[in-house]
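The values are calculated or read from the model by the stated rules, or taken from the named source; none is laboratory data. This is a predicted model, so every value here is computed, not measured. FYI the Cβ positions are ideal-geometry reconstructions off the backbone, even for glycines, and counts take in every protein chain you see. Heavy atoms of the whole protein, side chains included, go into the accessibility calculation; ligands, DNA and RNA do not. Shrake-Rupley method; radii C 1.70, N 1.55, O 1.52, S 1.80 Å.
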Amino acid sequence: MKKFFFFLSALLLVQTTYSQRVMERLDRGLVGQVTDEGVYLSWRWLANDSDDVTFDIYRADADDIARLERYIKNKYKINDAPLAKTTDFLDSKVNLGVDNVWILRSSTGETDVFSLPAGSPVRNWLSVPLQVPEPRRIQGLYELEGREQQNYSFSANDCSVGDLDGDGQYEIVVKWFPSANTLPPRTGMTGVTIYDAYEMDGTLLWRIDCGVNIRSGAAYNQFLVYDLDGDGKAEVAFKTGDGTVDGLGNPIGNPDKDWRTHDLKSATYGKIVEGPEYLTVFEGATGKALASAEYLPTRYPLDGWGGVGGNGGNDSTGGRADRMSACVAYLDGHLPSMVFVRGWYGRSVLAAWDYRDGKLTSRWVFDSKDRDNPYSGQGNHSVTVADFDADGFDEVCIGAMTVDHDGSGLFSTGLRHGDALHAGDLIPSRPGLEVFGVHENEESTASFGTPGSALFDGRTGEIVWSNNPGVDVGRGMAADIDPDYPGVECWGAPGGTRRSDTGETIYAETPNSVNFGIWWDADPLRELLDRTSVSKWNWKTRKTDLIFRAEGVESNNGSKSNCCLSADLFGDWREEVIFRTPDSSELRIYMTDIPASFRMTTLMHDSQYRLAICWQNIAYNQPPHPSFFIGEGMQTAPRPVIALPE
């Protein structure tokens with residue numbers, strides 16, 4: 001008991017002393033949607049707000065607010081009493097036959113504005129028009145493949161957000177995925193990957209073409225969008241090659257080089273196993289390349305990436321060397337750093353970078369080196385970031401191993417490679433954070449008998465519980481979906497729905513989704529996001545009930561069935577979800593219209609959650625989790641202590 005209270009005291013001290021992380025200066029994110037009952041409005045409660053801040057809402061038609069001072073008069077106010085319990089409001093008396101403008105005013109005087117044109121339809125989504133890249137052809141395909149050229153088209157894929165221009169509002173970075181894409185073990189030419197940046201109204205800010213020397217596929221080119229130097233404007237960063245063209249049309253490296261293997265008989269045909277690799281930071285507002293450096297680590301030796309993860313194999317053809325992930329972490333507790341990971345199944349190398357004063361500098365490199373190293377073979381298809389040891393600095397967990405903020409190994413569990421990864425306060429009664437994941441046991445590695453799923457202590461790596469030794473488990477989920485049991489519930493591995501604190505089976509039934517979670521309705525239980533629908537687990541009938549299905553849109557990444565992005569993008573603390581239309585001409589941002597029952601600071605000001613949005617697009621997309629427990633019986637959510645850009 002004394003040890004428990006000491007840990008809590010230390011945690012509180014660290015949060016008070018070290019948690020001044022520079023994060024985004026967001027506006028209120030006021031947003032509205034037409035419902036059958038009127039116009040539902042929602043906005044942010046910010047980390048820098050006082051605990052007792054209240055809000056008023058004013059409405060006028062477009063002509064009636066031409067003079068700014070008029071809207072603060074009481075005759076325009078539509079709420080009877082200051083809004084203090086929630087950060088939402090249903091305007092049931094609005095005349096939708098005219099252009100309307102709503103003005104939100106806090107008790108400290110800040111304002112935000114939202115408008116709707118006359119005749120706006122009933123719908124719970126906002127449209128972001130896109131400019132689809134023109135179809136292209138792959139050059140370099142020869143007769144053995146039955147064609148000299150292959151046509152390919154583009155679809156909108158993973159997205160991320162950042163305040164690219166410093167106005168307090170998010171812009172969207174879209175990854176355009178070519179139909180000609182592949183996985184690292186396979187040979188063949190791919191199309192190019194393109195990145196766009198858009199304002200929420202569909203204004204295209206820039207386009208970056210990665211070029212032929214960056215192979216396209218889910219494992220390759222992971223992109224990060226975040227304010228890396230704390231100046232209030234987000235940058236974009238990813239691996240580039242000779243011929244990558246920035247948002248201003250300027251090439252990186254040698255634009256005339258083609259490093260692809262063109263020999264059809266080669267085991268590396270279509271792959272890129274020679275030539276330089278760069279890490280480039282781009283200006284968020286323009287797409288201009290700001291700084292480039294040699295990408296760390298290099299791909300060499302090509303046969304140096306095998307180990308005990310996955311099926312325990314190896315190759316010398318660029319398959320394992322081209323498995324990438326990435327994240328952003330506050331390694332110094334104040335400003336963010338980038339961490340790029342190479343290698344999942346065997347050797348894993350993490351390279352931390354700082355972008356400061358227009359320059360890229362290497363902070364540290366962690367290398368698991370060889371298959372006998374306890375940190376080898378422990379990497380997932382995903383990554384997560386948190387202050388696991390409560391020292392004020394972030395650690396990077398890549399699955400069954402975690403690297404400390406200083407680049408030293410914190411621990412390796414030995415659970416080996418897996419796919420799904422969830423980190424947060426999964427067991428509220430237990431101090432600190434926990435990690436739940438599922439693990440692969442394939443071919444010869446099944447003999448190791450490592451668990452198919454397990455939950456471990458995020459600070460020490462101590463296994464709290466595990467199950468299904470030697471079973472190959474591909475998917476797993478952790479969320480509070482049943483109020484009758486403490487903490488989150490876990491499912492995906494054989495054995496039904498389990499308690500997070502003991503691993504015991506609650507019941508044999510499980511939700512029909514093992515994909516994403518989303519906070520959507522009024523209670524703190526988490527809903528389930530899969531394909532293009534939001535559902536809720538009914539713990540009484542032990543079935544999954546559909547809440548709504550988004551029509552006219554599609555999910556991404558084949559059987560992964562991911563959205564483009566799910567995050568607390570605007571409005572109150574509940575989450576939005578982005579899908580693409582089938583022709584990728586439009587993104588649709590869906591949001592809840594269910595009135596809230598309590599208020600909470602925007603999740604985007606919780607550092608762990610915000611960084612999870614940054615890495616959500618990485619490889620096999622995973623849902624975000626905050627640093628504190630949200631669910632049945634939760635304590636009052638903590639108010640984040642952050643610093644804002646100067």
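Among Cys159, Pro184, Val173, flag the residue with its Cα farthest along the positive direction of the charge dipole of region 154-198, charges on Cβ as +1 for Lys/Arg and -1 for Asp/Glu. Checking the options against the dipole of region 154-198, the answer is Pro184.
Note on region 124-242: Cα-Cα pairs beyond 16 Å make up 64% of the total pair count. Placing +1 on the Cβ of every Lys and Arg and -1 on the Cβ of every Asp and Glu, with nothing else charged, gives the chain a dipole about its Cα centre of roughly 780 debye. Per residue, region 142-301 exposes an accessible area of 35 Å² to a 1.4 Å probe, with every protein chain left in place. Cross-link partners for Lys543 among the aspartates and glutamates, with Cα-Cα distance under 16 Å and sequence neighbours closer than 8 places in the same chain left out: Asp480, Asp482, Asp484, Glu489, Glu509, Glu527, Asp530. Each 5 Å bin from zero holds the following percent of Cα-Cα pairs in region 400-482: 3, 15, 25, 24, 18, 11, 4, 1. Measuring between alpha carbons in the structure, the pairs from Lys271/Lys359; Lys265/Lys288; Lys271/Lys536 lying more than 32 angstrom apart are Lys265/Lys288; Lys271/Lys536. Peptides 441-448, 219-226 ranked from most to least packed, by the mean per-residue count of other Cβ atoms within 10 Å: 219-226, 441-448.
Semi-axes of the equivalent ellipsoid for region 493-533, computed as √(5λ) from the eigenvalues of its C-alpha gyration tensor and ordered from largest down, come to 21, 14, 8 Å.
Gain on full extension, evaluated as 0.36 nm per residue between Arg549 and Thr203 minus their Cα-Cα distance, stands at 121.8 nm. Compactness of the chain, taken as the C-alpha radius of gyration over 2.2 N^0.38 Å, stands at 0.95. Normalised by residue number, the volume inside the convex hull of the Cα atoms of region 521-572 is 107 Å³ per residue.
When each of the peptides 51-57, 391-397 is scored by how many other beta carbons lie within 10 Å of its residues on average, the order from highest to lowest is 391-397, 51-57. Summarised in one figure, the compactness ratio Rg/Rh of region 424-552, Cα atoms and Kirkwood Rh, is 0.99. Straight-line reach from Lys85: taking Cα to Cα under 19 Å and skipping same-chain neighbours fewer than 8 places apart, the lysines in range are Lys77. Largest first and in whole Å, the equivalent-ellipsoid semi-axes of region 200-333 read 29, 20, 12, each the square root of five times a Cα gyration tensor eigenvalue. The calculated 222 nm mean residue ellipticity attributable to helices in the chain amounts to -1500 deg cm²/dmol, summing -39500 (n - 2.57) over DSSP H runs of n ≥ 4 and dividing by all residues. Does region 325-474 classify as rounded, prolate or oblate by the C-alpha gyration tensor (a ≥ b ≥ c root eigenvalues; a/c under 1.5 gives rounded; else a/b over b/c gives prolate, otherwise oblate)? Note, shape of region 325-474 comes out oblate. Most simply put, the chain has about 100% antiparallel DSSP beta bridges, counting only bridges with both residues inside it.
With the highest mean first, a sort of the peptides 512-521, 605-614, 353-362, 456-465 on other beta-carbon atoms found within 10 angstrom per residue produces 605-614, 512-521, 456-465, 353-362.
Averaging Cα coordinates gives a centre for region 167-193 and one for region 607-646; these two points are 26 Å apart.
If you take the Cα centroid of region 83-122 and the Cα centroid of region 393-467, the two points sit 45 Å apart.
For region 352-488, carbon and sulfur atoms together expose 46% of the accessible surface, with a 1.4 angstrom probe and every protein chain in place.
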